[in-house]
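The structure appears right after this line, and notes come after that.
The values are calculated or read from the model by the stated rules, or taken from the named source; none is laboratory data. For clarity, every value in this text was computed on a predicted model and none was experimentally measured. Neighbour counts are summed over all protein chains in view; Cβ atoms, including those assigned to glycine, are modelled from backbone coordinates with ideal geometry.
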Amino acid sequence: MHCSVDGVGKTTLAAMVAHHADVRRFFLDGVIWIYIGQMELNYTRYTQCLRELLAQLYLEDDEQVPMFPDLIHTPGESKAKRRRREEGFMLHVRETIADFLQYRDVLIILDDICFEADLDWFDFAPIQSENPGEEFTFALLVTTRCRYLLPPADTVEIDMLDEADAIQLLIQESGENLSQTLMAESPEARSVVRECANHPLAVKSVGRWLNLKHATAGAIGSVEEIHEDVVKSMDKILKNGEQEDADMMYEILNMSLSPAINGEPTNIIKFCFSAFVVVFCDRQHISEFALIEDFPMVPMPMAELFFESLLELEENTLLKEGSLFYAQKKEAAVLIPEALSALGVLKVIATYSEPPEDGGENEAENQGEEKYLQVMHSIQQEYGESLCKDDLSLRELTQDAEKRWNKAFACAFLVVDRDWDSEFPDAALDYALEMLPSHMIRGGMLTEAAGLLSNDGFVRGRLFLLG
């Protein structure tokens, strides 16, 4: 699937294919989803992808999965020589997986692939069965923004929505408060989706903004009143869009993340989103283990602690009288992720652990729920990064941002004494064991980070986490 424009639904369509009942029935041994992304594969990242592939296969209980050799760093080795040696290892593990996938019906979906070489590493060519009449199917489904990667005969071009589908998406995302009949038939709805150029993510973002605007207004206005608000905002977007460096999607996000108080836009929500992206989503500081996800999954308690530490750091600016959340300072750290989720820029992911074998009086209580926050789309992550670098309204808040924000977060977590090598760590502790030293170093806490890394309990807990 190809479209050079972001946000038109390539990944969404691939996910619909992956979950279709007929596809599941045809590929009996597994439908595998692997996120590749914009960094070219090296051996470590490639083996992480292959481990993810093996984890999603339907295997027999006693079936042994392949093991991958470690690529040992050789001091003094040139980059060119290491790359040649690395490619030799990658060829070996590709052949190993190709052999393992013999006689299996498997669909592998590679999401957001950018390099032709990366596509080649997943070319596990099907092998003819030795038994006549016995056929096995291996197939690849690829989403990409790069037209040249796929031959035209095998490419499905993804276009913008037509007007009817765009209106339906706007209605769906606007929630139940608005009359669907009025919205579907109104010229205002058609005008809104035209202003969004029928771009799915733009229409969805406007719909989410309308939904939240309605939910917080306390009363349901007419379609015409909603349209008046949208037109005003769209006029501003279009006016800004005339600037050479403007981006329509950024302007829509800027509108939805800057709710007005007393007629003036507020900065607290877009500031918190920008800080979340800078602190948690910079791929230079993400471990290899986290790269199997398109965006990092941050445990909800860590996100709420981070927002709380931010609001304490910038309380005089963000929570002054008359500001958003002024009357709800204590609840703001919880309300902010809820608002960002409602606006569709972050999503909440819930996981459930298996209950212990001995059960207990209340099995539901033993089945632990863990919630995570994750950025929804690369456009939104890029927007968050641009806020920190370029948004004039946040300039006072973003000076020396990475160091101050990481330090505030690390200090807030370290205030409480931790049982680092707990037998039953939760998601927040697992995150801290893996990533807290990185946050401390980025926050300039070098002495404290060295002390933590020499703490016996922390070292034991980190080793347990890494297996």
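Overview of results
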{"quantity": "Members of the stretch 379-400 that are farther than 27 Å from Leu429 by Cα and touching a residue at least 40 places away in the same chain (Cβ under 8 Å)", "calculated": "Ile379, Gln380, Tyr383, Ser386, Leu387, Cys388, Asp391, Ser393, Leu394, Glu396, Leu397, Thr398"}
{"quantity": "Any chance Leu178 is modelled with pLDDT of 70 or more and hydrophobic (A, V, I, L, M, F, W, C)", "calculated": "no"}
{"quantity": "Considering residues of the stretch 137-159 that are more than 21 Å from Arg24 (Cα to Cα) and assigned to a strand (DSSP E or B) only, the residue nearest to the chain's Cα centre (by Cα)", "calculated": "Thr144"}
{"quantity": "Residues being within 30 Å of Val8 (Cβ to Cβ), among the hydrophobic types (A, V, I, L, M, F, W, C) and either out of contact with any Phe, Trp or Tyr (no Cβ under 7 Å at 6 or more places or on another chain) or in a strand (DSSP E or B) (or both) - total across the stretch 82-127", "calculated": "11"}
{"quantity": "Search result, residues across the stretch 449-462 that are in contact with a helix residue (DSSP H, G or I) (Cβ under 6 Å, 6 or more places away or on another chain) and not aliphatic (A, V, I, L, M)", "calculated": "Phe458, Gly461, Arg462"}
{"quantity": "From the options Leu433, Leu397, Leu429, residue that is assigned to a loop (DSSP other than H, G, I, E, B) and buried (at least 20 other Cβ atoms within 10 Å of the Cβ)", "calculated": "Leu397"}
{"quantity": "Looking only at the stretch 401-453, and only at residues there that are among the aromatic types (Phe, Trp, Tyr) and in contact (Cβ under 8 Å) with a residue 12 or more places away in the chain, the one that is farthest from Gly467 (Cα to Cα)", "calculated": "Trp405"}
{"quantity": "Identity of the residue in the stretch 250-281, free of Cβ contacts under 8 Å to residues at least 60 places away in the same chain and charged (D, E, K, R), that ends up nearest to Met297 (Cα to Cα)", "calculated": "Glu251"}
{"quantity": "Tally of residues being at pLDDT 90 or above and in contact with a helix residue (DSSP H, G or I) (Cβ under 9 Å, 6 or more places away or on another chain) across the stretch 314-338", "calculated": "2"}
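Rundown of residues vs (1) basic (Lys, Arg); (2) out of contact with any helix residue (DSSP H, G or I) (no Cβ under 7 Å at 6 or more places or on another chain); (3) over 30 Å from Leu253 (Cβ atoms); (4) assigned by TED's automatic domain parsing to the domain that holds Leu169, yes/no style:
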position	(1), (2), (3), (4)
Ala18	no, yes, no, no
Val23	no, no, yes, no
Glu60	no, yes, yes, no
Gln64	no, yes, yes, no
Phe68	no, no, yes, no
Arg94	yes, yes, yes, no
Val106	no, yes, yes, no
Glu116	no, no, yes, no
